[in-house]
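The values are calculated or read from the model by the stated rules, or taken from the named source; none is laboratory data. A quick note: this is a predicted structure, and the numbers were derived from the prediction, not measured. Because the Cβ atoms are built from the backbone with ideal geometry, glycine has one as well, and the counts that use them run over all protein chains shown. Note: accessible area is taken over every heavy atom of the protein model, side chains too, but ligands, DNA and RNA are not part of it. Shrake-Rupley method; radii C 1.70, N 1.55, O 1.52, S 1.80 Å.
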Amino acid sequence: IKITRPVDFESAVRELATTARGHILCFLPGARDIERTRNEIALPNVLPLHGALDVEAQERALAPSTERRIILATNVAETSLTVEGVSDVIDSGLHKLLRFDAETAVDHLVTEQIPLDSAEQRAGRAGRTGPGRVTRLWDARQILRPRREAEVHRVDLASPVLDVVSWGGDPRTFDWFERPPDARI
């Protein structure tokens, strides 16, 4: 996998659209980013792929095709789906996560830098069926955290804690799969 670093997302897409052997899979943080980018690049065969799409739209993005496509996806395409024929990946290096805000006592969707395990997983999408290239749109000197943070460490725990209590258990002694910090309980 060859790693390059062009100036911006639109330039990366336009550059790869002239040299890609297969489809181009682009990772963006969210649906709004996908729609904005889709309008900005204004190239043919650009398809969105994210969880808010209806099944037909998702299947269009995943269906085999002999025409080169540019698929703009959230991290839904990182692990759970395979897009056949992808030869190139463009990775914004960003994703959206729910994170608990103690000031508002509500989970908020925030855009953050992906961890290293996500970067490697995304890059691997370019070489699943043959040689591939990945273009990463962040500074190569940037040090990424090694792995994803467990959800139990970043979201509101009120619901699971109340579930444990309603079952007659104690959340402080409950055998959590991944134990949350005691202060969060």
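Hey, any idea what % of region 52-174's accessible area is carbon plus sulfur with a 1.4 Å probe?
Percent of accessible area from carbon and sulfur atoms in region 52-174: 53.
Please give me the summed charge of the neighbours of LYS96: other residues whose Cβ is under 11 Å from its Cβ, Lys and Arg +1, Asp and Glu -1.
Numbers: positive: ARG32, ARG99; negative: ASP33, GLU112.
Net charge around LYS96: 0.
Rounded, prolate or oblate: which one fits the chain, using the alpha carbon gyration tensor with axes a ≥ b ≥ c (rounded when a/c is under 1.5, else prolate when a/b beats b/c, else oblate)?
Numbers: a/c = 2.33, a/b = 2.05, b/c = 1.14.
Prolate is the answer for the chain, as a/c is 1.5 or above and a/b outweighs b/c.
Using Cα pairs under 8 angstrom and six or more residues apart, how large is the relative contact order of the chain, in percent?
Relative CO of the chain lands at 24 percent.
What accessible area per residue comes out for the chain, rounded to a whole number of Å², with a 1.4 Å probe? Before the final figure, lay out the partial values.
Numbers: 10610 Å² over 185 residues.
That works out to 57 Å² for each residue.
Can you give the accessible area of ARG68 in Å² (nearest 10), computed on protein heavy atoms with a 1.4 Å probe?
Its heavy atoms expose roughly 100 Å² to the probe.
Report, in whole Å, the centroid distance computed from the Cα atoms of region 7-21 and region 31-91.
Each part's Cα centre sits 15 Å from the other's.
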